[in-house]
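Data block below; observations after.
Read-outs: derived from the displayed coordinates by stated rules, not from any lab. Quick caveat, the model's predicted, so the values are computed rather than measured. Cβ coordinates were reconstructed from backbone atoms using ideal geometry, including for glycine residues, and neighbour counts include every protein chain displayed.
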Amino acid sequence: MTARVVASALLAALCVAQEPKPSRMEIVLERREAKTSKMMDPGHIFAEGDLVRFRFKANFAGYLYVINRSTSGKYTLLFPKDETGRNNRVEPSAEYVLPATKDGWFRIEGPAGHEVVYWLMSPTDLAREGGTQLPYIHPLPPAKPEELPPGVTPRCDDTVFRARGDCVDIQAGAKPVSKAETLPQNLAQVTGAAEQDLVFMRRQYLSMVSSPGSLGGPVLYEFHVAHK
């Protein structure tokens, strides 16, 4: 009887160990204020000229690529590159600051609207896959007018504004890639990256993106930064 109980316990422990671990990523948006930084609500509406940066953490290893589509339709590789840091290897539970350079920040520019920041996590280094340089690290052409979604005007949520006096657009922050969205070619060619089953949550300043189980391949999602 005792041997059977021990065997059952070991089998149960083995089954638990083999269950796929949910994948999770966290993003915090910060704004520079004088010589310090301040964590901001993901939906905060920024002003032109504001300096911002991201803090990123994942519970799994991979390679991170970040691309921005400005409100004018221009695509810019934010990371990795010389100006923001070349080492895009992400280790589990380690926190990374983007730009990954000393006192580095991104400047808010362009017409009012939503900057669309694409976050791509891959289990393999896409820039070296197959021994060739893939176009993730090359300049991207501007989006064509027909590829751009209708213009978005940032709007303060009245409920949040009355409660704490903070101008927050609830449509900004982390979100899935729309199935109707036209992606730049270098992202569109990553098979299945935008089709992963993801859950999006907010906890004060923290944006959380998770999957029910371990991700079997690249994953792609967006973070909208609203500005006047």
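Total residues in the stretch 79-120 satisfying the condition of being in contact with a helix residue (DSSP H, G or I) (Cβ under 9 Å, 6 or more places away or on another chain) and of a type in the set (A, V, I, L, M, F, W, C): the figure is 1. Among the residues of the stretch 24-52, those that are part of a strand (DSSP E or B), surrounded by 20 or more Cβ atoms within 10 Å (Cβ to Cβ), within 14 Å of the chain's Cα centre (by Cα) and not β-branched (Val, Ile, Thr) comprise Met25, Leu29.
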